1. Considering the convex hull of the alpha carbon atoms of the chain, report its projected area averaged over all viewing directions, in nm², one decimal.
2. Kindly express, to the nearest 10 degrees and within the range 0 to 90, the angle between helix 79-108's C-alpha long axis and the longest C-alpha principal axis of the chain.
3. For the chain, find the longest principal axis of its Cα atoms and tell me its angle to the long axis of helix 45-57, 0 to 90°, nearest 10.
4. Could you tell me how far the Cα centroid of segment 10-50 sits from the Cα centroid of segment 80-109, in Å?
5. How many Å² of accessible area per residue for segment 37-109, probe 1.4 Å?
6. Amide H neighbours of T70 under 5 Å, at least 5 residues apart or on other chains, H built in the peptide plane: list them.
7. Under 18 Å Cα-Cα from K91, which aspartates and glutamates qualify once same-chain neighbours fewer than 8 residues away are excluded?
8. Roughly how many percent of the accessible protein surface of the chain is carbon and sulfur, given a 1.4 Å probe and a whole-percent answer?
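The values are calculated or read from the model by the stated rules, or taken from the named source; none is laboratory data. Computed from a predicted model, the values in this text were never measured in an experiment. Don't worry about glycine lacking a Cβ; one is built from the backbone with ideal geometry, like all the others, and counts go over all protein chains shown. The accessibility values were calculated without ligands, DNA or RNA, using every heavy atom of the protein model including side chains. Shrake-Rupley method; radii C 1.70, N 1.55, O 1.52, S 1.80 Å.
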Amino acid sequence: MSENNPLRDVFDAIADPTRRRLIRLLAEAEELPLHELTAPFQMGRTAVSKHLTILKEAGLVLDRKVGRETRYRLNASPLREIQDWVAFYNKFWSINMLRLNQLLEEEEQ
């Protein structure tokens with residue numbers, strides 16, 4: 001799987017609160033093994049692994065084998081798509097609020 005051609009949409013991948021929490025944990029560490037990623041959750045390794053697979057399919061998580069252990073790290077570059085989307089709507093709302101303020105000021109006059 002290439003980072004430029006993810007198997008899953010990044011918006012879909014971050015829609016789940018568990019996956020957003022996994023992203024946060026990985027952002028705060030350079031690399032974590034599965035057992036450390038599982039510890040903060042009230043679910044088993046299999047469930048956490050399924051969430052990590054979804055994040056991997058979106059290109060948000062990279063993994064590597066170290067002996068019998070799999071270690072995970074964040075690849076934040078796909079989050080740029082979300083940042084760009086939010087920035088567009090931030091600008092959209094700022095412009096529309098400015099227009100609304102102008103209309104309200106004109107009405108008061």
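1. Mean projected area of the Cα convex hull: 9.3 nm².
2. 20
3. Tilt of helix 45-57: around 60 degrees.
4. Computed from Cα coordinates, the inter-centre distance equals 35 Å.
5. Heavy-atom accessible area per residue stands at 76 Å².
6. L34
7. By straight Cα distance, K91 reaches E81.
8. 50
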